[in-house]
1. Of the residues 255, 160, 221, which single one is over 20 Å from the mean Cα position of the chain (by Cα) and farther than 30 Å from residue 136 by Cα?
2. Hey, residue 134 hits all of (1) crowded, with 16+ Cβ neighbours inside 10 Å; (2) touching a strand residue (DSSP E or B) at 6+ places or on another chain (Cβ under 6 Å); (3) of a type in the set (A, V, I, L, M, F, W, C) but one; which does it fall short on?
3. Looking at 251, 241, 209 in this structure, which one is touching a Cys at 6+ places or on another chain (Cβ under 7 Å) and closer than 30 Å to residue 63 by Cα?
4. Listed residues 320, 300, 305; which is touching a strand residue (DSSP E or B) at 6+ places or on another chain (Cβ under 9 Å) and within 30 Å of residue 425 (Cβ to Cβ)?
5. Can you go through 88, 141, 115 and tell me which one is surrounded by 15 or more Cβ atoms within 10 Å (Cβ to Cβ) and either small (Gly, Ala, Ser) or farther than 28 Å from residue 274 by Cα (or both)?
6. Regarding residue 260, is this residue within 16 Å of residue 440 (Cα to Cα) and surrounded by fewer than 18 Cβ atoms within 10 Å (Cβ to Cβ)?
7. Among the numbered conditions (1) farther than 30 Å from residue 130 by Cβ; (2) of a type in the set (Lys, Arg); (3) part of a loop (DSSP other than H, G, I, E, B), tell me where residue 384 comes up short.
8. State all residues of region 16-63 that are part of a helix (DSSP H, G or I) and of a type in the set (D, E, K, R); if no residue qualifies, say none.
Amino acid sequence: MTVAVVLFTSDLRLHDHPPLRAALAAADEVVPLFVDDPGVRAAGFDAPNRSAFLADCLTDLDASLRRRGGRLVLRTGPVVREVCSVVAEHSAAQVHVAAGVTGYAHRREERLRDALAKSGIALHVHDAVGTAVAPGAVTPASSDHYAVFTPYHRRWTQEGLREICPTPRAVPVPDGVRSEPLPSRASLSGLSPGLPVGGETQGRERVGAWVRSGLSAYEEGHDDLAGDATSRLSPYLHFGALSPVELVRQAREHGGPGAEAFVRQVCWRDFHHQVLAARPTASAENYRTRHDRWRGEDDAGEDIAAWKEGRTGYPVVDAAMRQLRHEGWMHNRGRLLAASFLTKTLYVDWRVGARHFLDLLVDGDIANNQLNWQWVAGTGTDTRPHRVLNPVAQGKRYDPSGAYVRRWVPELTDVQDRLVHEPWRLPQEQRDELGYPRPLIDLADGLARFQRARGRD
């Protein structure tokens, strides 16, 4: 009996899984393996919210495999050591894994390839598992990646998508494979109260419901903060519980402006993955330097704390930050406003904000989180790096009735619509009764400081 190993990483699903399909085609039996790698924890990637969602995903994946005669194998330790151990224990001839885009994933693949090669074992790395289009599949003539979204989107839409891999009917696993117990979210603490349930089964149910009832209205409603018309599929995409290829195909089959707008967002996600795949250092270093002299914890500690706690005095920013703490998720428009306020109004280093988001976001993806933060901070791929989003104007535009603000900032529940985004205009006596803080900084002062720092005064 021939054996192959499938190393699951950020691809925790059975539907449309090219590495698993290839392993089943090449061997009589497969070992579906997930390694709890201490290196991931050491790098700070295992925030409680994501650990809980991961536990859900692993439990669901194991259940799906058991319905097909198999099971998920969990090992704890350095990934190269554990994979090589499984290979040796079961005389596996091949290892299959989905390609990653981070520097950590690249190093993991290189070390694994080198270690397996010493025993004559082949490592097969499969592209376009975590993205709709593989990071290196679409490139300009003069570079290894696109640095501007619009031309990338134009080429991306012309790229043919691979066929969907059928879901296996059976996954035969060798007898006697040793596995450790799967983790459970019940054993974790410090979770956001409104954290969603993870797993492919839950993700596919959400897709079905959203395609039926939400996709058509996506174009006109995705920026409506109170309406919450986004798909909320990002956590499932981050963990690979859903296939981006399958999502794009479903949306295109549905058709209409809403589907086109949604597919554009999937492309935006792919765009950041291809940038990071080509420039892994962009996870921590400026993609494009603006020679900023950012403030940090030493000189802006109180401002940073107020921003994290949702008490900046700007209601839409505070609402977004409180939603993040409660749900482990934040509306995309809220992410833009919170990030712009921190980096450009408070002039705080984008890495401070990116780290806080990674501490709480269940969809905390290195490519999307870091590069979206850089886009807002003006150190990334934004073609207008000096733009500043006004939280008052944006609040009035995307939360005109104040419903989103009132949902997350109950201190402002009884403030009338016209002042809910500017509560400092209320009479002093009413302001005192609210218990809501005054703004940390006047917007004009923050803008002037940012422009001086960028040499644009």
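The values are calculated or read from the model by the stated rules, or taken from the named source; none is laboratory data. Given the structure is predicted, the values throughout are model-derived calculations rather than measurements. Every residue, glycine among them, receives a Cβ derived from its backbone with ideal geometry; neighbour counts consider all protein chains shown.
1. Checking each option against the conditions leaves just 221.
2. Every listed condition holds for residue 134 apart from (2).
3. The match here is 241.
4. 300
5. 115
6. It is false that residue 260 is within 16 Å of residue 440 (Cα to Cα) and surrounded by fewer than 18 Cβ atoms within 10 Å (Cβ to Cβ).
7. Tallying (1) farther than 30 Å from residue 130 by Cβ; (2) of a type in the set (Lys, Arg); (3) part of a loop (DSSP other than H, G, I, E, B), residue 384 fails exactly one: (1).
8. 21, 41, 50, 56, 60, 62
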